[in-house]
Amino acid sequence: MTTENRLRSLPSGGTAIVLGAGGIGAELVRQIGASGRFDSTVVASRSPDSATVEALVAEGRGSVVASAVDVLQEQSVAGLAARLADAQAQIRLVICAFGILHEPGRTSPERRLEDLSQDNLARIIAVNAIGPALVARHLGPMLPRRERSVFAAISARVGSIGDNRLGGWYAYRASKAALNQLLRCTAIELKRRAPGAIVVALHPGTVDTSLSKPFQSGVPEEQLLSSDYSARRLLSVIDRLAPDDSGGFYAWDGSQIPW
Ligand SMILES: NC(=O)c1ccc[n+]([C@@H]2O[C@H](COP(=O)([O-])OP(=O)(O)OC[C@H]3O[C@@H](n4cnc5c(N)ncnc54)[C@H](OP(=O)(O)O)[C@@H]3O)[C@@H](O)[C@H]2O)c1
């Protein structure tokens, strides 16, 4: 399937918004922009002036615009919503593609209880769970009431409680489990308020980005996806979603993941 065929299930025109211009987020922006499906694609990043974001804007030839957002600052999420409202944007697609697992010199995933720290737990949950919840808080009420739209957040299979057999990575796992619950609540509420909206948690696979870099040694080569391939598969999952899928947790290959 070519990029041009993607996202046909969403009404054409309007605005797509991708938050986070990391490995997966940047690829999503590139492919959404290339699909020509939307009038504009907003790439929301803490660093809208970075070389990555500037390249995405240049490649998009005017259909990709940058916006400054740091989800640790709620006003910046509210500011994005206000800019979209001022532009009378018809929001068709929102993808939260930001998240942290480790930060050099600051945090790394816990292996044992003694590694837990209040600061680390709070920071990772603030970005990975509260961040998308704030995006839903500010952009959810702007989704069209009847027309089809999708609100997706990139979660992680390790956030599945039913699938947790290895333990460890306490803060990251807990943040993604909390994200999944927040998305499920959002899906239930939006079913009443905006029945056309589909809300999902997505697992991108193990993807070769800066987030997974320090943990790739045990990953078989064939299981390490490129960000280009993962983004392609995620967009095709989004394209196949039906209203009854809202509130679910899906992997890059379309399979459902247990909570
Ligand atoms: N890579 C994997 O194997 C893998 C597996 C499972 C799930 N995931 C999930 O996929 C998502 C994308 O990860 P990735 O692999 O693309 O990692 P990445 O390349 O490290 O990108 C993550 C991006 O998150 C954004 N971010 C971090 N803190 C933020 C904040 N306070 N406010 C706003 N944005 C913030 C940053 O974008 P800006 O610099 O543009 O702000 C950063 O580039 C994450 O949710 C991650 O948990 C990844």
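Of all beta bridges DSSP finds with both residues in region 1-131, what is the antiparallel percent, to the nearest 5? Before the final figure, lay out the partial values.
Working: 1 of 16 bridges.
That works out to approximately 5 percent antiparallel.
Which order do 91, 130, 154 fall in if you start with the one that has the fewest other Cβ atoms within 10 Å?
Working: 91 23, 130 19, 154 27.
Fewest to most other Cβ atoms nearby, the residues stand as 130, 91, 154.
Between the alpha-carbon centers of region 192-207 and region 130-174, tell me the distance in whole angstrom.
8 Å
Normalized C-alpha radius of gyration of region 136-259, against 2.2 N^0.38 Å? All intermediate terms of the calculation are to be shown ahead of the outcome.
On the way: Rg = 15.1 Å, N = 124, 2.2 N^0.38 = 13.7 Å.
It is 1.10.
Can you sort 249, 38, 215 so the residue with the fewest Cβ neighbours within 10 Å comes first? Write out the running numbers ahead of the final one.
Values: 249 22, 38 25, 215 14.
Ordered by Cβ neighbours within 10 Å, fewest first: 215, 249, 38.
Distance between Cα centroids, region 40-108 to region 13-34: provide it in whole Å.
Answer, in whole Å: 9.
Could you go through region 8-16 in sequence order and give the Karplus-derived ³J(HN,Hα) for each residue, using 6.51 cos²θ - 1.76 cosθ + 1.60 with θ = phi - 60°, rounded to whole Hz, and x for Gly and Pro?
5, 6, 8, x, 6, x, x, 10, 10
About its Cα centre, what dipole magnitude does the chain give when the only charges are +1 on Lys and Arg Cβ and -1 on Asp and Glu Cβ, stated in debye to the nearest 20?
On the way: 28 positive and 25 negative charges, 152 e Å.
Computed charge dipole of the chain: roughly 740 debye.
Computed over the Cα atoms, what is the radius of gyration of region 1-88 divided by 2.2 N^0.38 Å, N being its residue count? If you can, show how the numbers build up before the last one.
Working: Rg = 12.7 Å, N = 88, 2.2 N^0.38 = 12.1 Å.
Ratio of Cα Rg to 2.2 N^0.38 Å: 1.06.
Dividing the alpha-carbon radius of gyration of region 3-251 by 2.2 N^0.38 Å (N being the number of residues), what value is obtained?
On the way: Rg = 17.1 Å, N = 249, 2.2 N^0.38 = 17.9 Å.
That ratio works out to 0.96.
Counting only complete DSSP H runs, which helices of the chain cover 15 Å or more along their long axis at the Cα atoms and score a mean Kyte-Doolittle of 0.0 or above? Before the final figure, lay out each step's value.
Numbers: long enough: 23-35 (19 Å, 0.55); 74-86 (18 Å, 0.22); 170-193 (34 Å, -0.38); 227-240 (20 Å, -0.44).
Those that pass (Cα extent of 15 Å or more, hydropathy at least 0.0) are 23-35, 74-86.
So for region 53-164, considering every pair of alpha-carbon atoms, how many percent are separated by more than 22 Å? Present the calculation step by step, with values, prior to reporting the outcome.
Values: 2833 of 6216 pairs.
The calculated P(r) of region 53-164 puts 46 percent of pairs beyond 22 Å.
Could you tell me which of 174, 196, 225 has its Cα farthest along the dipole of region 150-233 towards the positive end, charges placed at Cβ (Lys, Arg +1; Asp, Glu -1), taken about the Cα centre?
196
Rounded to whole Å and ordered largest first, report the semi-axes of the equivalent ellipsoid of region 164-209 derived from its Cα gyration tensor (root of 5λ).
Numbers: eigenvalues 143, 37, 10 Å².
Listed largest to smallest, the semi-axes of region 164-209 are 27, 14, 7 Å.
Read-outs: derived from the displayed coordinates by stated rules, not from any lab. As the structure is a prediction and not an experimental result, all values here were calculated from the model. Positions of Cβ are backbone-derived with ideal geometry, glycine not excepted, and every protein chain shown enters the neighbour counts.
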